[in-house]
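Enquirer: If you scroll down you'll find the structure; I have some questions about it.
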Amino acid sequence: QGVAECGKACQQARVAIVPYGGGTGLVGGQVMPKGPAPVIVSLERMNRIMDVAPQDNILLAEAGAILTDIHAAAKGKNRLFPLSLASEGSCRIGGNLATNAGGVNVLHYGNARDLTLGLEAVLPDGTVFNGLKRLRKDNTGYDLRNLLIGSEGTLGIITAASLKLFARPRETGGAFVGVADPQAALDLLDFLRDELGETISAFELIHRQGLAFLRETGLDFTEPLPEVPEWMVLLECGGSAGMQARMEQALAQAFEKALLGAAVVAQNGAQLATFWRIRETIPEGNRRVGSISSHDVSVPLGRVPAFISAGFAAIAAIDPALRVNCFGHLGDGNLHYNVFPPKGVSRAQYEGMKEVVKTTVHDLVAQYGGSFSAEHGVGRLKRGDLQRYGDAGKLAAMRAIKQALDPAGIMNPGAVL
């Protein structure tokens, strides 16, 4: 009710509203660097887990609930909420939904959009949309839930959500393996899908540059393999009893087919957690080194190897001394493709190169039929990219929807459009 009253007051006064969750967004959707001062509406105190219903397999949470707390509440009822991000200890579910967050488990469970049954939200005129459904089927007109998810606060403020829960795997297995190149990684994924079906929940591609940055910046981690190859994969599977044995057998067969090199299979949950800490620390290593330009992109799975090869060549053509850390969610085609200055050189010396690097990468993504924003959203930092690469028909429809729902333009102005 308080958010609705705030919305009505801002509507009458024509004052902008910027919704704020955990502040972990990476595209400037939660900040407004210029223009008249807005009202910042923080959802941090709306953090209740309102209900966990294991028989319905749903969890009701207010928008300010921290993702880790949602995980814990689901686990307390022997259920799983699979959305998993590096920032899960501080990000909030309202922001996750507003940006349609992805994470490491999209391969099996889908994006935040796929994990949501219903929403409660305050629309730009202060009207409350009461859509906290527990239904798996509700075919009653326009899907306002999916319109609001991914809208980045430009069409309304998400205040609560009805989230899908899943059975917890009886057994989980994981491994860190070396592969010859991205094509071999993709071939390995295809083989394991044939052998293990939909039990593969995560399949992360990691380049040795990421581990080099961890060493360079003094971040503590355990070397996953005896010798670090150029390319590695971190995979996780979950399923019924015997999952670990089935995964080990499949990996042994993959080794015989020369689909992988050295491999270390996690013998327990603690070792698997050690593997995941490496993956989750790579973004911090990137931050400490300081990128010239960072990119959250996706391309069709079959084109990933060719894109990576072309990308390395394109960056080397700009300056062969530049370093590329390419890593990410290979299982769903989402790569974090970040470009860095040479070792010992400040990124400030390459500031003038940022636009040419970004345009080179994003033009290549478009050439391969991909997206310049896979899971981070558009925010304010990528509005120009949306204009450059976006479909004209889609942009026209988006503007019409924005005008219809927010004619005064007060909801997170300057974000997305």
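Enquirer: Modelled label-to-label distance, Q403 and Q367, 7 Å Cα→beta-carbon offset: nm?
Expert: 3.7
Enquirer: Using Cα positions and a limit of under 19 Å, work out the lysines in reach of K343, with same-chain residues fewer than 8 apart set aside.
Expert: Leaving aside lysines fewer than 8 places away in the same chain, those within reach of K343 are K354.
Enquirer: On to the next question. Once neighbouring chains are kept in place and the probe is 1.4 Å, which whole percent of the accessible area of the chain is contributed by carbon and sulfur?
Expert: 51
Enquirer: In addition: Semi-axes of the equivalent ellipsoid of region 168-221: what are they in whole Å, largest first, if each equals the square root of 5 times a C-alpha gyration tensor eigenvalue? Display every interim value, and only then the final one.
Expert: Numbers: eigenvalues 138, 56, 9 Å².
The three semi-axes for region 168-221 are 26, 17, 7 Å.
Enquirer: Could you state the orientation-averaged shadow area of the convex hull built on the Cα atoms of region 186-268, in nm² to one decimal?
Expert: 5.9
Enquirer: Expressed as a whole number of Å, what is the distance separating the alpha-carbon centroids of region 1-48 and region 165-226?
Expert: Between the Cα centres of region 165-226 and region 1-48 lies a distance of 38 Å.
Enquirer: Taking every DSSP beta bridge with both residues inside region 286-417, roughly what % is antiparallel (nearest 5)?
Expert: Once the DSSP bridges in region 286-417 are tallied, antiparallel ones form about 90 percent.
Enquirer: Can you give the relative contact order of the chain as a percent, counting alpha carbon pairs under 8 Å and 6+ residues apart?
Expert: Reported as a whole number, the value is 19 percent.
Enquirer: Could you sort out which of K34/K394; K8/K164; K34/K382; K75/K137 sit more than 21 Å apart by Cα distance in this structure?
Expert: Pairs exceeding the cut-off: K34/K394; K8/K164; K75/K137.
Enquirer: Along the Cα→Cβ direction, 7 angstrom out, place labels at R168 and R288. What is the inter-label distance in nm?
Expert: 3.3
Enquirer: If Rh is defined by the Kirkwood formula over all Cα pairs and Rg also comes from Cα, what ratio Rg/Rh do you get for region 123-246?
Expert: Rg/Rh for region 123-246 comes to 1.13.
Enquirer: To continue, here is another question. Per residue, how much accessible area does the chain have with a 1.4 Å probe, in Å²? Present the calculation step by step, with values, prior to reporting the outcome.
Expert: Details: 18500 Å² over 417 residues.
For the chain, the per-residue accessible area is 44 Å².
Enquirer: Taking 0.36 nm per intervening residue step and subtracting the Cα-Cα distance, what contour gain separates L395 from E216 on full extension?
Expert: Numbers: separation 179, 0.36 × 179 = 64.44 nm, distance 4.29 nm.
Separation in residues times 0.36 nm, less the Cα-Cα distance, equals 60.2 nm.
Enquirer: Any chance you could look up the accessible area of L196 with a 1.4 Å probe, heavy atoms only, rounded to 10 Å²?
Expert: 20
Enquirer: In 10 Å bins starting at zero, report the fraction of Cα pairs in region 1-107 per bin as a rounded %.
Expert: 14, 39, 30, 14, 3
Enquirer: Under a straight-distance cross-link criterion of Cα-Cα below 14 Å, which aspartates and glutamates are reachable from K77, leaving out those fewer than 8 residues away in the same chain?
Expert: List returned: D51, D56, D69.
Enquirer: Work out the FRET efficiency for I318 and Q55 from their Cβ-Cβ distance, taking R0 = 60 Å, and round it to the nearest 0.05.
Expert: 0.60
Enquirer: Give the calculated FRET efficiency between S42 and D114 to the nearest 0.05, with a Förster radius of 25 Å applied to their Cβ-Cβ distance.
Expert: Result of the calculation: an efficiency of 0.40.
Enquirer: Using amide H atoms built in the peptide plane, which far-off residues or other-chain residues are under 5 Å from L119 H to H?
Expert: For L119, the qualifying residues are G131, L132, K133, S162.
The values are calculated or read from the model by the stated rules, or taken from the named source; none is laboratory data. All figures in this text were calculated on a predicted structure; none of them were measured in a lab. Cβ coordinates were reconstructed from backbone atoms using ideal geometry, including for glycine residues, and neighbour counts include every protein chain displayed. These area figures cover heavy atoms from the full protein model, side chains too; ligands, DNA and RNA do not enter into them. Shrake-Rupley method; radii C 1.70, N 1.55, O 1.52, S 1.80 Å.
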